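Working notes, structure below.
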Amino acid sequence: MLDDRSKLLLKALVEHYIADGQPVGSRTLSRASGLELSPATIRNVMSDLEELGLIASPHTSAGRIPTARGYRLFVDTMLTVQPSQYGSHSLAPDQPQKVISNAANLLSNLSQFVGIVIAPRRSSVFRHIEFLRLSERRLLVIIVSPDGDVQNRVIFTELDYSPAQLAEAANFLNTNYVGMDIDNVRQRLQGEVESLRSEIATLMQAAVTVSSEAIIETQDEVIISGERNLLSVSDFSSDMGHLRRAFELFEQKAQLMRLMDIAGQAEGVRIFIGGESQVVPFEDLSIVSSPYEVDGKIVGTLGVIGPTRMAYDRMIQIVDITSKLVSNALSHHK
């Protein structure tokens, strides 16, 4: 446990480093903390904080900088967030994709870092399905979504189906399952296999699987805005390796999805500090995130990705208000 003096000095060091970006020496810390302590006393406290793994000394400076563990202690126990200054911003009710895109831009513009929104997953529903025989045991599945989007998928089958069998399978699906979620279709088909001829049931199961994949692939689930903002962040512009890792993360949307899925498993704003766990594997990046809702149900996650040295109190405000704006806009869209 840290005593009050150590906590105050750590708080002052983190705040000064976030604001200035330079390692903090004992003389600077003495002025920043407001404590009338000798430089020798402050050096002793800093040495203790370093032994605890809360601060570190870069090789090129006598000053100290916070570690991931130090940031975590600061965020969890020392951070005070003032009432939001971003209440004047708004997101108009609109098509969900436009609301999501506008929200990512808003997060980016307010934070001057990277805004990211995980869009609500649309239900995997089809309006019409057809089969076209391309060659022996090779079929084209044509899936039409409720909004008219057409997806084509080629499947290979163990049996060679006749045109009559293909028409039978398509008619059964279109008559009994149109407008139903693909997952529900799959479950019901499993229960009805006994009443269907086995070769037709197998074909329909394969069609349902590729239909689900086709519909999900059309969804732009990860919306990112403001990657170029990182070019002007000194923490990245001075180290191309840091910048390259950040951009590689943005390209790996599957990993971003996992990060944000973890962030969306709890209510309210959450902070993930780079390097403290495998959740955010890059030491130089942190994520401030929050889930958002539609009619009281959590449907997605949004947040800000930026350098570990960020003004966490301000990012919390930005993410929190944007989450509320998105929830309101999507809930009131008709």
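The values are calculated or read from the model by the stated rules, or taken from the named source; none is laboratory data. Remember, predicted model here, so these are calculated numbers, not experimental data. Cβ placement follows ideal geometry from the backbone for every residue including glycine, while neighbour counts extend to all protein chains displayed.
In table form, for the structure just shown:
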| item | result |
| --- | --- |
| Residues located in the range 4-39, provided they are charged (D, E, K, R) and either closer than 17 Å to Ala62 by Cβ or part of a helix (DSSP H, G or I) (or both) | Asp4, Arg5, Lys7, Lys11, Glu15, Asp20, Arg27, Arg31 |
| Some residue of the range 15-24 being in contact (Cβ under 8 Å) with a residue 60 or more places away in the chain and either surrounded by 18 or more Cβ atoms within 10 Å (Cβ to Cβ) or under 19 Å from Glu276 (Cβ atoms) (or both) | yes |
| Test result for Arg27, closer than 24 Å to Phe272 by Cβ and either in contact with an Asp or Glu (Cβ under 7 Å, 6 or more places away or on another chain) or not assigned by TED's automatic domain parsing to the domain that holds Glu276 (or both) | no |
| Single residue of Gly70, Gly53 found to be in a loop (DSSP other than H, G, I, E, B), more than 30 Å from Ala119 (Cα to Cα) and modelled with pLDDT of 90 or more | Gly53 |
| Unmet requirement for Asn109, which otherwise passes all of (1) at pLDDT 90 or above; (2) crowded, with 17+ Cβ neighbours inside 10 Å | (2) |
| Strands (runs of 3 or more DSSP E) fully within the range 265-327 counting 1 or more residues that are without any contact (Cβ under 8 Å) to a residue 60 or more places away in the chain and closer than 17 Å to Ala119 by Cβ | 285-294, 297-307 |
| Scope the range 93-108; condition over 14 Å from the mean Cα position of the chain (by Cα) and within 18 Å of Arg314 (Cβ to Cβ); matching residues | Asn105, Leu106 |
